[in-house]
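The values are calculated or read from the model by the stated rules, or taken from the named source; none is laboratory data. Keep in mind that what you see is a predicted model, and the values were worked out from it rather than measured. Note: ideal-geometry Cβ built from the backbone for every residue, glycine included; neighbour counts use all protein chains shown. Calculation scope for accessible area: heavy atoms of the full protein, side chains included, ligands and nucleic acids excluded. Shrake-Rupley method; radii C 1.70, N 1.55, O 1.52, S 1.80 Å.
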Amino acid sequence: MAYILQGDTGDWEVVIGLEVHAQVISNAKLFSGAATAFGAEPNSQVSFVDAGFPGMLPVINRICVEQAVRTGLGLKARINLTSVFARKNYFYADLPQGYQISQYELPIVGEGTLTIDLPDGSTKAIGIERLHLEQDAGKSLHDQHPTKSFIDLNRSGVALMEIVSKPDLRSPEEAGLYVAKLRSILRYLGTCDGNMQEGSMRCDANVSVRPKGASELRTRCEIKNVNSIRFLQQAIEYEARRHIEVYEAGGSINQETRLFDSAKGETRSMRSKEHAHDYRYFPDPDLLPLVLDPKMVETIKAGLPELPDEKKERFMGEYGLNATDAGVLVADQASAAFFESVAKGRDPKLAANWVMGDFFGALNATGRTIDDPPVTAAHLGELVDLIKDGTLSGRLAKEVFALMVETGKGPAALVEEKGLKQVTDTGAIETAIEAVMAANPDKVAEIRAGKDKLIGWFVGQVMKATQGKANPGMLNELLAKKLKG
Amino acid sequence: MSLDKATVRSIAELARIEVPEEALDHLAGELSNILTFVEQLAAVDTEGVQPMTSVTAMTLPLRADDVTAGGHADKVLANAPEAMEGFFTVPKVVE
């Protein structure tokens, strides 16, 4: 459903393009041999290149180049066999060189596509404009001293991929889905860990609005500093409403960089960036053009893993899952693998329901991860088997599952130990039914007089008498027979 | 090509060079002369010629992804005008 904002003069549509900075997974930095690990002592992972010392020359890291190519291929994008590094000039305390080595006219990766999965099961293709390699800046800490900012250059020179979308996104929801899907693909590829809290994936949003149905692109504002999907969505909505208010009051929007303040839920102008759009890019004279061997690109292509979209297709075809369920399961590679080991040789829909329902619930409740799950795939598979062969009813299975989480034991052992086996013995169920009927002759009479609603009450009583172990199907059948007399 | 005063002011600001107002006219003249001198290159027909990036036929050398530097915060900070607790310190720059 289209996302439309209502103004005083009519309906408005929002146009969004995203720039995602994804930190490349590598041991060393893009142009130096310093380490990239997060959380090290300040300035302990800084080479003289990263600190911008005079006379130091950058030498590019082969793995960072390969990671960018791998990501480009994962985004079904054109790989540019020749690309050029340029200097982007600006002054800031955490940029010791006085320029960032980036790519401008000839990026390593050109146009591609990313498919987002909408909640109704449909998909939408979002264009990728480009992906280029660049250096990260250092990190400034402003809360350590009343009058000073502290600068740590450990991040300075770490390789980033800037992934720029086309202005194809039309709602905060689509923007959120785009970031989530991009993160999922990067993690599948092993090219970025996608951790937004640690800043290894950061997002800037270009937002503009236009009257519904118009095709023009109006002036956009760039919103920086959005470090979660929720904040991104809040920032877009706030910014879109601000534009509408300005236009409806007869004003105009200036192209500018704005900062999202998550505490206040608003965006505001960044004065320091007023002149920042004049970066005076020029080719970096320290670096020759990057020329890729087509064989290297082919080798990387041949080694790509099965990506989320392909896996989703396969889950729908091979396991008969619907698009929404398949989309949930493939979002994370480890979850998808977990599901597959549970589903192997079993009823895939039942397996999917258990993985997405009780199992994901237990992950949340215990705070554990899919790599260290509270219940193993093998145990969950056994539980599905016990449901399928009638040993456990759905209700008992939930009880057994809770015990599995608690104890870490397998379902067969727990069923045995706790005597949780479903009662499928006709005689035992009949005895229980007769006992309840004998104790409540008035209610039996009411049912026989046509008060069918009481049947549910009888089911409850017999279940209670059997500690929930009666097979529900058999109980219903036998009860109906007995009550009719 | 001739530069006006406003452009020179803006270039100075981008380069963080403080130029007094009365020096702008003179600088505009100097910079314009330099640009005019360089513009002579435009007389050469470069249609269809790839930009030359190196005098020898070299390609960009690639480095292995090994950690070979770092671990010397003291050296990195040695020339810093100000440092504290392993950080460079500068006058507060915050939005």
If we keep only residues of segment A:173-216 that are of a type in the set (Ser, Thr, Tyr) and in a loop (DSSP other than H, G, I, E, B), then the residue modelled with the highest pLDDT is A:191
Matching residues in segment A:328-353 (open to solvent by 20 Å² or more (accessible area, probe 1.4 Å) and either assigned to a helix (DSSP H, G or I) or modelled with pLDDT of 95 or more (or both)) number 10
When (1) touching a Lys or Arg at 6+ places or on another chain (Cβ under 8 Å); (2) buried (at least 18 other Cβ atoms within 10 Å of the Cβ); (3) hydrophobic (A, V, I, L, M, F, W, C); (4) within 14 Å of another protein chain (Cβ to nearest Cβ) are applied to residue A:91, the one that fails is (2)
Q. Among the residues of segment A:153-166, is any open to solvent by 10 Å² or more (accessible area, probe 1.4 Å), over 29 Å from residue A:80 (Cα atoms) and within 14 Å of chain B (Cβ to nearest Cβ)?
A. yes
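Here's the yes/no breakdown for (1) outside the structural domain of residue A:290 (by TED's automatic domain parsing); (2) over 15 Å from residue A:182 (Cα atoms); (3) among the basic types (Lys, Arg); (4) in a loop (DSSP other than H, G, I, E, B):
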{"position": "A:86", "(1), (2), (3), (4)": "no, yes, no, no"}
{"position": "A:95", "(1), (2), (3), (4)": "no, yes, no, yes"}
{"position": "A:114", "(1), (2), (3), (4)": "no, no, no, no"}
{"position": "A:119", "(1), (2), (3), (4)": "no, yes, no, yes"}
{"position": "A:155", "(1), (2), (3), (4)": "no, yes, yes, yes"}
{"position": "A:161", "(1), (2), (3), (4)": "no, no, no, no"}
If you go through A:77, A:35, A:86, the only one that is surrounded by 20 or more Cβ atoms within 10 Å (Cβ to Cβ), within 23 Å of the chain's Cα centre (by Cα) and at pLDDT 95 or above is A:77
In segment B:3-34, anything closer than 24 Å to residue A:99 by Cα, in contact with a Leu (Cβ under 7 Å, 6 or more places away or on another chain) and in a helix (DSSP H, G or I) is listed as B:8, B:9, B:31
Considering segment B:62-84, residues that are exposed (fewer than 10 other Cβ atoms within 10 Å of the Cβ) and not polar (S, T, N, Q), and then whichever is nearest to the other protein chains (Cβ to nearest Cβ), we arrive at B:78
Checked against (1) outside any loop (DSSP other than H, G, I, E, B); (2) more than 9 Å from every other protein chain (Cβ to nearest Cβ), residue A:64 satisfies every condition except (2)
When residue A:226 is run through (1) at pLDDT below 95; (2) surrounded by fewer than 24 Cβ atoms within 10 Å (Cβ to Cβ), the failure sits at (2)
With respect to residue A:147, is the statement that it is within 14 Å of chain B (Cβ to nearest Cβ) and open to solvent by 10 Å² or more (accessible area, probe 1.4 Å) true? yes
So for segment B:14-21 (the condition being over 30 Å from residue A:152 (Cα atoms) and not hydrophobic (A, V, I, L, M, F, W, C)), does at least one residue qualify? yes
In segment A:96-138, anything at pLDDT 95 or above, over 24 Å from residue A:286 (Cα atoms) and not β-branched (Val, Ile, Thr) is listed as A:111, A:112, A:114, A:124, A:125, A:127, A:129
Assess whether residue B:40 counts as being within 14 Å of chain A (Cβ to nearest Cβ), farther than 30 Å from residue A:40 by Cβ, open to solvent by 40 Å² or more (accessible area, probe 1.4 Å) and without any contact (Cβ under 8 Å) to a residue 24 or more places away in the chain. no
Condition first: out of contact with any helix residue (DSSP H, G or I) (no Cβ under 8 Å at 6 or more places or on another chain), at negative phi and assigned by TED's automatic domain parsing to the domain that holds residue A:12. Can you find one or more residues in segment A:185-192 that meet it?
no
Going through segment A:370-388 in order, the residues found to be surrounded by 12 or more Cβ atoms within 10 Å (Cβ to Cβ) and closer than 18 Å to residue A:336 by Cβ are A:370, A:373, A:375, A:376, A:377, A:380, A:381, A:384
The lone condition residue A:30 fails out of (1) within 13 Å of another protein chain (Cβ to nearest Cβ); (2) touching a Ser or Thr at 6+ places or on another chain (Cβ under 8 Å); (3) open to solvent by less than 10 Å² (accessible area, probe 1.4 Å); (4) outside any strand (DSSP E or B) is (2)
